[in-house]
Structure formats: C-alpha cells, structure tokens
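The values are calculated or read from the model by the stated rules, or taken from the named source; none is laboratory data. Fair warning: this is a prediction, and the values are worked out from it, not measured in the lab. All Cβ positions, glycine included, derive from the backbone under ideal geometry; neighbour counts span all protein chains shown.
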Amino acid sequence: MNLFNRIRLRGGVHPVGRKELSADHPIRVLPMPKRLFVPLQQHIGAAANPRVEVGDKVLKGQLIAGSVGPVSAPVHAPTSGTVVAIGDFPAPHPSGLPIPTITIEADGEDLWIKVEIPDDPFVLSPEEVAARVGAAGIVGLGGAAFPSAVKLNLSRKSGVTTLIMNGSECEPYLTCDDRLMRERADEVVKGIRLIRHAVGASEVLVGIEDNKPEAIAAMTAAARGTKVKVRAVPAMYPMGSEKQLIQALIRKEVPAGGRAADIGVLVHNVGTAYAVWQAVAKGRPLVSRIVTVSGGAVVAPNNIEVPIGTPVEALFRACGGFHGEPARLVLGGPMMGSQMPGLHVPVVKGTSGVLALTEHEIGLTIPAPCIRCSTCVRACPVGLLPLEMAARIRAGDLNAAVDVGLKDCIACGSCSYVCPAHIPLVHYFDHAKGELAARERSKLKNEATRKLADERTARMERIAREREEAAKARAAAKAAREAAKAAAAQAEKKEVVA
C-alpha cells in the first residue's frame with residue numbers, strides 16, 4: 001500500500017528537492033582553517049561567559065566559555081591553538097550585527113584535551129548522562145539549537161514515554177543528516193539508546209522520509225536487536241517539524257500552544273544523537289558538525305565535517321567555489337533558513353547547511369494583491385488561515401491575528417511557497433511575532449517599573465510612618481521625663497514645706 005494513502009497529514013507542500021546535488025557524495029573533512037571565530041551565543045538562552053583570556057593556549061575540546069543560567073550551553077575550543085581576540089564579530093544572522101566571539105589561531109596540531117572515558121556509558125545514571133551532555137555543550141542540531149541537557153532533564157521529570165528521532169530532513173538541498181545516517185548509523189543508534197536511557201522512554205521511533213532508502217536501510221541494520229524502530233514517513237515538507245512528525249508516527253496531535261511533552265513525547269534530531277554518543281562515550285564535546293554545502297552556484301556541492309567557527313567562505317572554497325556571483329547566500333535550508341550577510345560569518349552549532357543560490361533558483365518575483373484563492377490555507381500543515389492572519393497584520397490589528405492562530409504558526413514557509421500572488425506571508429508573520437514579543441517585553445518592563453515604583457512608594461510610606469512613630473515615641477518619652485521631673489520637684493517641695 002502506498003505510504004501516502006496510509007498516512008493522512010494536513011497541508012504541506014512538495015518543493016523541488018535538489019538533494020541529488022550533494023546526497024551521493026561521501027562526507028569530507030575540511031582542512032583546519034588558520035583562524036576560527038567561535039561565537040558565545042550559539043544556542044537558545046543566555047550567551048556563554050568567557051573562561052579564557054587573550055594570549056591563552058588552548059587544547060581541542062577545552063572549555064572556553066561556560067554556560068550561564070538554567071537555559072544555556074558551554075562553548076569549547078574546536079582545535080588547539082592560541083586565543084588571539086575576544087570581542088565582537090559579525091553574527092551568522094541576516095542583520096550581520098556583531099556578537100561576542102572568541103577568535104582562536106590554530107597551531108596546526110589539533111591536540112585534544114585529556115578526558116575520562118566510561119567503560120560502559122549505559123551504566124551511567126540518567127542524571128549523569130544528562131550532565132555529560134550539558135557539559136559537552138550539545139544543542140539541537142536540527143536548527144533550533146535548544147540546549148539538549150535541558151530537554152533531557154525536563155522530559156525525564158515530565159514522564160516522557162515516547163522518544164522520536166527526527167531523520168526526515170525535509171528541507172530542499174540539505175543532506176547532512178542523510179549522509180550521517182548512511183555512514184555513521186551505528187554511532188547514531190548508540191546515541192539514540194543513550195538518550196532513551198536518559199529520559200526513560202519505553203518506545204523509540206526514528207522517522208526518515210521515504211526518499212532516503214539508503215539511510216533507512218543503514219539505520220534499520222544498525223538498530224537490529226535493539227528497541228529502536230526505524231519508520232519511513234512521507235517525503236513532504238514540513239515533515240521535519242516536530243508536530244507533523246509526531247502526527248505521522250504515532251497519530252497524536254500536540255495541543256495548540258502546548259509542547260510535545262504534554263502528550264508524553266520527546267523529539268530529537270539524529271545529528272544530536274550522534275553528538276551525544278561522541279560526548280558520553282568518547283568524552284568529546286560538540287566542536288564540529290557536518291554541513292551541507294550546496295546550491296546551483298556551487299561548483300561541487302558536498303557534505304563537509306567542519307570545526308565550529310569556520311568562516312563559510314572556507315566551505316565554499318573547499319567545494320570548488322562558485323560558477324558565478326550567487327544571487328543569494330542562505331544559512332540553513334531555503335524554506336526556513338536565513339540570508340547570510342556575507343562569506344565571513346562563521347559556522348555555528350545549528351548550521352545544517354550553507355547555500356549559494358542562483359537567480360533562477362530563488363525565482364525573484366514581485367508580489368501581487370491577494371486573490372483569496374485559499375491555496376495557502378490548504379498548504380498550511382497546522383490548519384491555520386494565512387490569508388486572514390496576513391490581512392489583519394497589514395491592518396495593524398495584531399491581536400486579531402493572534403485570535404486566528406498567529407502564535408500557532410511554525411513559520412515553515414509552505415504558504416509563501418504556494419502563493420500564486422507571491423506574497424511573502426511568512427515575513428508578515430515573523431514581523432508580527434517580533435512586534436508582539438517587543439510589546440510583551442515592554443509590558444513586562446512597565447510592570448517591573450510599576451512594581452519598583454509601588455515598592456518605593458510603600459517603602460517611603462513605611463519610612464515616614466516609622467519616623468512619625470519614632471517622633472511620637474520620643475515626644476511621649478520626653479513628656480514622661482518632664483512629668484517625672486515635675487513630680488519629683490513637687491515631691492521635693494512638699495518635703496521642704498513639711
């Protein structure tokens with residue numbers, strides 16, 4: 001029976017994959033660049049705090065910035081060398097704004113720190129596994145970059161029963177997870193088993209799109225004899241979204257505004273599982289990752305394992321450079337990725353791909369007025385009304401946009417992809433979410449200011465009241481002293497008369 005007939009999913013699109021550009025080439029290892037630019041903010045949460053100074057010698061895997069607060073992740077040296085700068089460097093973000101970065105000049109030796117390796121990582125307690133994952137600076141490698149140890153601990157405490165590993169890789173062009181599963185399936189499965197051990201899940205499912213038969217075969221062979229079950233899912237976008245993958249594999253739906261843990265599910269990326277095995281079994285923190293280098297402007301697309309902090313220019317150079325001037329540089333996939341400000345920005349933990357696209361690939365068009373064809377409604381995998389949300393946003397009524405589902409939008413870009421009028425719907429939604437977030441921050445700031453003002457008023461009133469009470473007490477004491485003095489004088493007078 002056809003898989004599409006067995007699994008009915010809402011919405012979604014089938015963009016041109018272009019995965020053949022890089023999928024059939026083995027993973028290559030990038031020669032070590034002369035300098036690495038390692039940002040301190042590579043994850044959701046608070047930026048890491050530097051633990052080194054300019055001039056310090058570091059070894060590969062050495063902690064160079066510690067985590068800050070409950071949601072954060074440490075950063076480690078991607079190679080051995082010398083810290084030559086600690087300061088701002090352009091971020092891998094469309095704005096290109098500078099962020100705190102540690103610059104390391106490689107010494108060419110690539111020497112690892114000495115580590116203690118457990119004899120059997122599976123005898124470690126779940127808490128110890130999570131602690132080692134956290135200490136290794138592992139974050140979600142599917143793009144979200146949420147600190148993995150936080151997810152492990154929260155999942156264990158919330159009683160997660162099903163672990164789902166995301167190997168769908170539904171974005172066009174991207175094939176780094178595909179190649180990882182083909183070439184390193186044994187270590188990926190071992191990492192999955194460690195994650196299962198850390199959260200106590202009773203069921204483990206690996207979802208891989210059915211357009212990756214080699215990866216499915218490799219993972220199935222590696223999982224044989226374990227409790228890890230490999231399942232093919234339809235090749236459609238956005239199958240890689242957490243909610244869609246859950247629905248495809250276990251027929252459950254995450255409630256609006258809720259989390260996967262609310263229905264007893266934890267979702268992790270297969271790349272994260274590989275990093276977990278490297279960290280727990282081999283003592284190696286997250287200092288490198290596999291990146292897809294692709295696009296019509298690239299001479300020889302490929303998947304390359306690169307140190308964190310490598311300028312993307314080095315990746316394109318390793319793939320033969322460009323046929324001509326790229327029309328657009330993209331960090332991540334073309335659907336949910338972001339435009340790069342230039343070739344100087346560094347690879348970070350969440351960088352799944354770097355694309356150099358031609359004008360033909362990006363299809364530059366001028367938006368036209370909405371014709372209310374509802375194509376976007378049919379494409380939305382969450383069941384929202386993109387045209388209605390966009391209309392309310394254009395009218396400036398963001399609250400009304402929220403009422404029709406704005407906060408449930410996963411920004412997958414399916415609606416923009418199918419819109420015949422070429423309206424950049426996702427840009428409207430991202431703008432509105434940013435504006436709402438700014439309003440919320442302003443509201444919280446005003447509430448905090450008002451609270452401080454109220455506390456100051458209460459404090460001043462208390463001080464005034466205490467002063468008044470103290471003054472009354474002093475007056476009463478003075479009156480008592482004067483009364484006692486008068487009484488003593490009167491008594492003395494009576495004795496004299498007597």
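Within the option set G283, G257, G296, G264, being in contact (Cβ under 8 Å) with a residue 40 or more places away in the chain, within 30 Å of V75 (Cα to Cα) and among the small types (G, A, S) holds for one residue only, G283. Among the residues of the range 344-360, those that are more than 20 Å from F37 (Cα to Cα), touching a residue at least 60 places away in the same chain (Cβ under 8 Å) and either surrounded by fewer than 20 Cβ atoms within 10 Å (Cβ to Cβ) or among the β-branched types (V, I, T) (or both) comprise T358, H360. If you filter the range 284-296 down to residues that are touching a helix residue (DSSP H, G or I) at 6+ places or on another chain (Cβ under 8 Å) and assigned to a loop (DSSP other than H, G, I, E, B), you find that the one that is surrounded by the most Cβ atoms within 10 Å (Cβ to Cβ) is G295. Going by the conditions given, is I104 of a type in the set (V, I, T), modelled with pLDDT of 95 or more and surrounded by 15 or more Cβ atoms within 10 Å (Cβ to Cβ)? Yes, satisfied.
Mind listing just one residue for me: the one in the range 352-372 that is of a type outside the set (K, R), touching a helix residue (DSSP H, G or I) at 6+ places or on another chain (Cβ under 8 Å) and assigned to a loop (DSSP other than H, G, I, E, B) and, of those, nearest to A144 (Cα to Cα)? Here the residue is S352. Checked against (1) part of a loop (DSSP other than H, G, I, E, B); (2) surrounded by 24 or more Cβ atoms within 10 Å (Cβ to Cβ); (3) aliphatic (A, V, I, L, M), A300 passes all but condition (2).
The set of residues from the range 233-247 being over 13 Å from T162 (Cβ atoms) and outside any loop (DSSP other than H, G, I, E, B) comprises V233, Y237, K243, Q244. The set of residues in the range 244-269 being under 16 Å from the mean Cα position of the chain (by Cα) and within 21 Å of G12 (Cβ to Cβ) consists of A260, V267, N269. Restricting attention to the range 199-226, the residues that are out of contact with any Ser or Thr (no Cβ under 9 Å at 6 or more places or on another chain) and assigned to a helix (DSSP H, G or I) add up to 11. Residues in the range 378-401 that are surrounded by fewer than 17 Cβ atoms within 10 Å (Cβ to Cβ) and not in a loop (DSSP other than H, G, I, E, B): R378, R394, N399, A400.
Rundown of residues vs (1) within 24 Å of I304 (Cβ to Cβ); (2) of a type in the set (V, I, T), yes/no style:
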position: M32; (1), (2): yes, no
position: F37; (1), (2): yes, no
position: A46; (1), (2): no, no
position: E53; (1), (2): no, no
position: V58; (1), (2): yes, yes
position: A65; (1), (2): no, no
position: V75; (1), (2): yes, yes
position: A91; (1), (2): yes, no
position: E105; (1), (2): yes, no
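L174 meets each of the listed conditions (1) closer than 16 Å to E214 by Cα; (2) part of a helix (DSSP H, G or I); (3) of a type in the set (A, V, I, L, M) apart from (2).
Filter the range 109-140 down to residues that are over 18 Å from A198 (Cα atoms) and modelled with pLDDT under 95, then give me how many there are. It would help to see each step written out before you state the result.
Here is the first cut: in the range 109-140, the ones over 18 Å from A198 (Cα atoms) are 109-116.
So of that shortlist, the ones also modelled with pLDDT under 95 come out as 114-116.
Summing the residues that are over 18 Å from A198 (Cα atoms) and modelled with pLDDT under 95 in the range 109-140 gives 3.
Is at least one residue of the range 232-253 among the hydroxyl-bearing types (S, T, Y) and at pLDDT below 95? Yes, the range 232-253 contains at least one residue that is among the hydroxyl-bearing types (S, T, Y) and at pLDDT below 95.
This table checks each residue for (1) surrounded by fewer than 19 Cβ atoms within 10 Å (Cβ to Cβ); (2) of a type in the set (A, V, I, L, M).
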site	(1), (2)
R28	yes, no
M32	no, yes
F37	no, no
H43	no, no
A46	yes, yes
N49	yes, no
V58	no, yes
I64	no, yes
S67	no, no
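If you take the residues of the range 1-26 that are of a type in the set (D, E, K, R) and either within 27 Å of the chain's Cα centre (by Cα) or at pLDDT below 80 (or both), which of them is surrounded by the most Cβ atoms within 10 Å (Cβ to Cβ)?
At the first step, the residues of the range 1-26 found to be of a type in the set (D, E, K, R) are 6, 8, 10, 18-20, 24.
If we keep only those that are either within 27 Å of the chain's Cα centre (by Cα) or at pLDDT below 80 (or both) too, we end up with 6, 8, 10, 18-19.
On the way: R6: 9, R8: 10, R10: 14, R18: 20, K19: 22.
Looking at residues that are of a type in the set (D, E, K, R) and either within 27 Å of the chain's Cα centre (by Cα) or at pLDDT below 80 (or both), I get K19.
Residues of the range 329-350 that are part of a strand (DSSP E or B) and over 25 Å from M239 (Cα atoms): P346 alone.
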